[in-house]
Structure formats: structure tokens, C-alpha cells
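Chemist: One structure coming up, written as C-alpha cells, with questions to follow.
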Amino acid sequence: AKVLECSSEIPTKCLRGDGAGVLDTLLSLLPFETTEALKEGRKPVINMARIMVPVTGNQRAHSDWKKDLMTELDKMYFFSNGKKALGGGDTGVGLMAYNLGIKQDLFAGFIMGDLNYAIAACVLVLIIMWWYTKSLKVTVFAFLEILSSLGLGFFFYCTLFKMPHFPFMNVTTIFLAIGIGADDVFVYVDSWRYSRKEIKRRDEGREPETEWRARRLEYSLRHAGMSTFITSFTTSAAFCANTTTKIISVKCFGLYAGIVILCDYALMITFLPAVVLYYDNSVCGSHSKETEETESRSFGSIGRRSEGEDEEPQPEDETKIQLARRKLAKLADMSRRLLDSFFQDFIPALLLGDFFTCENRSKGEDRKKSMEGYNREWLSAIFWVIALGSIGSYCINVSFVSPGLTLPSSAAFQLFYDTHPFEKWDMEYAPMYTTASVAGVKYYIQWWFGIDGTDDSDSWDPMSAGTTRTYPMDIYEKESQTFFWDFYNEVKGQSW
């Protein structure tokens with residue numbers, strides 16, 4: 001307000017070329033309001049203005065005190081529907097948005113702070129792998145195999161392909177590697193379990209131990225290796241398809257993720273079978289009844305425990321640690337039985353129609369007797385058609401009707417929530433000041449001729465600008481004069 005009251009004392013040179021109007025456009029959303037008000041002898045009314053702090057020097061050098069300033073500004077931030085004012089009380093002035101130039105630094109800090117959640121997720125996956133394999137040693141080595149695929153992929157990425165840029169987006173590949181690698185571990189361990197049931201020892205059990213385990217290894221690799229190869233190859237191909245885009249960070253991420261997935265598969269069919277075979281041989285020893293029981297405890301039993309099977313006898317003088325381990329093992333076995341029951345009884349009954357007749361297929365009753373006058377298969381089919389049709393209709397409505405898929409409408413890349421002061425400035429207020437028109441001020445447009453439009457920069461390096469190439473031209477030739485004359489008339493005839 002004091003500036004506006006003293007506006008009559010603006011030096012004359014600042015008013016030349018409508019300098020006051022240009023400054024007004026930079027600071028307010030009412031172009032030439034200040035100039036017009038001064039000419040008419042009245043005070044201008046500005047409903048929105050901005051303050052620019054003259055800070056120079058290295059941007060990162062001011063990052064710390066800007067974060068402290070942001071903490072103080074948050075206390076005065078107007079928010080979306082705002083009930084706060086800049087000076088407190090009923091001043092009618094509110095802080096709507098601000099930009100301190102530390103958006104990327106603040107986002108990087110949030111990312112580093114969220115690493116705790118990433119570590120917790122990795123620990124959870126480790127616990128699930130331990131619960132499924134029932135072997136801590138196999139779980140640890142399997143997890144090391146997954147992490148090794150990241151290092152091996154980085155080696156191929158930088159050494160073999162010689163990529164000059166490693167964006168931050170590539171770090172997120174660790175979560176893909178853990179998810180896909182854990183799935184491969186589950187598939188192979190499950191195949192190794194079933195190999196004990198499917199591959200019997202020859203010569204009435206007199207086959208050498210090494211030959212029997214070699215046939216089991218061949219069986220597990222033949223079944224698990226092929227299925228994991230198909231899934232790993234297709235997933236890697238999907239990520240490598242991102243290399244066709246022009247966005248460098250997405251290209252590098254797609255290439256690195258594809259390499260890591262293939263490296264994980266290579267280690268899964270070489271390192272993991274060796275670990276499982278070594279552990280099985282060192283723990284179980286020779287093949288016998290005791291060996292089968294030990295292997296069953298090590299890698300989990302195949303199927304569920306039969307109804308008449310007794311639990312392991314409880315020792316009389318067990319320590320607290322042994323008691324805790326026994327209870328944890330019992331809890332894990334109970335959860336495993338629930339999952340087996342869900343996938344072996346509930347899901348098949350729901351798909352085949354037994355669920356609607358309250359019949360359990362595992363009881364082995366005659367199927368015709370349980371139909372009770374109507375067709376279970378038709379009832380199940382009608383149920384799934386209605387259920388899946390309803391879900392599909394809802395997805396189509398959300399995708400194409402309300403709200404519908406739309407292309408991004410903002411040129412700024414959003415990193416925080418909509419009401420964050422940085423996002424409010426970038427998305428809402430900055431475009432207002434950028435596109436504010438200044439009547440009477442001349443804008444200059446430059447056209448350059450004689451420059452070759454060929455881009456010879458490195459498409460994998462964001463710092464590569466390429467070289468400027470020119471081609472010879474003579475502006476005094478008749479064809480050149482005709483071209484410039486036609487170009488001049490065409491530009492002159494534009495509405496702007």
C-alpha cells in the first residue's frame with residue numbers, strides 16, 4: 001500500500017516505454033492498472049500480487065535457509081479454502097502460493113525419507129520367503145541372488161551398453177527385481193518339492209544318491225526353468241519396449257529394468273538350484289524315511305496334513321526358545337493349511353459350482369446326486385458372467401464416460417498434492433503471470449535461416465546438446481528473394 005501511495009514519485013525514465021506497466025504485469029495480474037490509475041489520479045486496486053525476493057548465487061547453497069523459510073511460510077499459507085491471513089486478524093490478505101526454487105531438492109528429501117518404507121517392504125518379502133521355504137539359509141541366499149542381479153545388470157548397463165546416464169528412476173528397479181525374483185524363488189522351490197514326489201529312486205531304492213538328486217535337479221529345472229523363462233522374457237521385453245520413447249529417463253529405466261530381469265533369471269537357474277541342492281544334501285543327507293521327514297520340515301510338505309496324522313510329540317524339557325520356535329512353526333503350518341484349503345477347496349468349488357450347493361468336492365460324493373434338480377455349472381457360469389460383466393461395465397464407464405481418461409493438461413510436472421504451495425504456484429498462479437498480456441509493448445520474434453535441422457545429439461544422454469550445422473545459402477539469388485518476400489507477406493497477414 002505504501003508503494004502505491006508513493007507511485008506518483010516514480011521516476012520518469014521508469015514510465016518510458018510503459019516500464020511501469022511491464023513491472024505491474026510482473027508483480028500483479030492487472031496489466032497497466034498502475035499506469036492508467038496514475039493518469040486518472042486515482043489509486044489502483046490490485047486483487048493479487050506477488051513478491052520476488054532478490055536472492056542470487058548457488059541455488060543449492062541457499063537450500064537450507066529456504067527450507068527454514070518454508071517452515072515459517074507454512075504457518076501463514078492460505079490453503080485451498082483458506083481461513084488464515086498473512087498478518088493475522090481480519091486483514092483480507094492471504095498467502096496463496098509460493099515458490100522457493102527448491103521443489104526438486106524437497107522431493108529428493110522426501111524420497112530419501114521414504115526409504116524406511118522400502119526397507120520395511122524388503123523385510124516383509126524376506127519373511128514371506130522364509131515362511132514359504134521354511135529355511136532361513138535358502139531365503140538369505142535367494143535374497144542375495146536377487147540383489148546380485150541389480151549389480152550384474154548395472155555392470156552390463158554401464159560396461160556393455162556404455163550408457164552415459166543413470167537416472168534416479170532406475171533405482172526403483174530394486175522393487176521390480178525383488179517382486180519378480182521372489183516369485184521365481186517360489187516357483188523353483190515348489191518344483192523342487194514336487195520332484196521328491198515325482199522322481200523315485202531306481203533299482204528299488206538302491207540308486208546312488210547323487211544320480212537321484214541329479215534327476216530331481218533336471219526335473220525341477222525343466223518345469224520351473226521354462227515357466228520362469230517365459231514370464232521373465234515377456235516382462236523384460238515389455239520394459240525394453242520403453243527404449244523407443246524420446247523421454248531419456250524412461251528409455252534408460254526400460255533398458256536397465258529389462259537387463260536386471262534377465263540377469264535375475266540367469267542367476268535363478270544357476271545360483272539358486274546350487275544353493276537348494278547343497279542345502280538339501282547337507283541337511284537331509286542320504287535318502288531314508290528320516291531324510292524325507294527332514295526335507296519336509298526344511299522345504300515344506302507337499303499338500304496338507306492328513307486328518308489322521310498326528311502332530312510331532314512335544315519334548316518335556318524344552319527351553320523358552322524351543323517353545324517359541326515350536327509355536328511359530330505351528331502358526332506357520334496353520335496359515336499354510338488355510339491357504340491350501342482356500343486354493344484347493346474354495347476356489348475350485350466356486351468355479352465349478354459346488355460352492356452354490358454347499359458341497360465339498362473333496363468328499364468324493366457322486367456328482368449327479370448333489371445337483372438336486374438344477375445344473376450347478378450353469379449357475380456358476382451365470383454368476384461369473386454377471387459378476388465380471390458388472391466389473392467390466394464399471395471399468396468402461398470410469399475410463400470413457402465419467403471421469404474418463406484425459407491427456408495431461410498442465411505443462412508442469414506435479415510432484416506433490418494439489419494444495420501444496422509449490423504446486424499451487426506451478427499449476428495455477430505461474431501461468432497467470434506468464435500469459436498476462438501487456439498492451440502497447442512490442443514483442444520480437446526471430447526467425448533463423450540456414451541452420452540444418454538434423455539432431456545429432458546422444459538420445460541417451462540429457463546433457464548432450466549436439467552440434468549446430470549450417471548449409472550454404474545466397475540471399476541475393478532470385479529464388480531466395482522470392483521466398484523471403486512470400487514469407488514476409490504470409491507473416492504480415494497473420495491475425496497476431
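Chemist: Are any of the pairs 134/327; 67/251; 103/162; 66/424; 197/320 more than 26 Å apart by Cα-Cα distance, and if so, which?
Modeler: On the way: 134/327 14 Å; 67/251 33 Å; 103/162 31 Å; 66/424 18 Å; 197/320 35 Å.
Over 26 Å Cα-Cα: 67/251; 103/162; 197/320.
Chemist: With labels modelled as points extended 7 Å from the Cα through the Cβ direction, what inter-label distance (nm, one decimal) is found for residue 382 paired with residue 124?
Modeler: For residue 382 paired with residue 124, the spin-label model returns 4.1 nm.
Chemist: What residues have an amide H closer than 5 Å to that of residue 95, excluding those fewer than 5 places away on the same chain, when H is modeled at 1.01 Å from N in the peptide plane?
Modeler: Correct list: 78, 86.
Chemist: Here's a follow-up. Mind checking region 140-175 for chymotrypsin sites (Phe, Trp or Tyr not before Pro) that DSSP puts in a loop (not H, G, I, E or B) and that have at most 15 other Cβ atoms within 10 Å?
Modeler: 161
Chemist: Leaving ligands and nucleic acids out of the surface, order 268, 52, 463, 427 by accessible area at 1.4 Å, largest first.
Modeler: 463, 52, 427, 268
Chemist: From the backbone phi of region 189-199, what are the Karplus-calculated ³J(HN,Hα) couplings (6.51 cos²θ - 1.76 cosθ + 1.60, θ = phi - 60°) in whole Hz, Gly and Pro given as x?
Modeler: 4, 5, 5, 5, 4, 6, 5, 5, 7, 8, 9
Chemist: With every protein chain present, what is the per residue accessible area of region 103-250 (1.4 Å probe, Å²)?
Modeler: 57
Chemist: Sort 279, 476 from largest to smallest accessible area, using a 1.4 Å probe on the heavy atoms of the protein chains. Before the final figure, lay out the partial values.
Modeler: Numbers: 279 35, 476 180 Å².
Highest to lowest solvent-accessible surface, that is 476, 279.
The values are calculated or read from the model by the stated rules, or taken from the named source; none is laboratory data. What you are looking at is a predicted structure, and each value in this text was computed from that prediction instead of being measured. Every residue, glycine as well, gets a Cβ built from its backbone with ideal geometry; the counts of neighbours run over all protein chains shown. When the accessible area is computed, the model is the full protein with side chains, heavy atoms only, and any ligands, DNA or RNA have been set aside. Shrake-Rupley method; radii C 1.70, N 1.55, O 1.52, S 1.80 Å.
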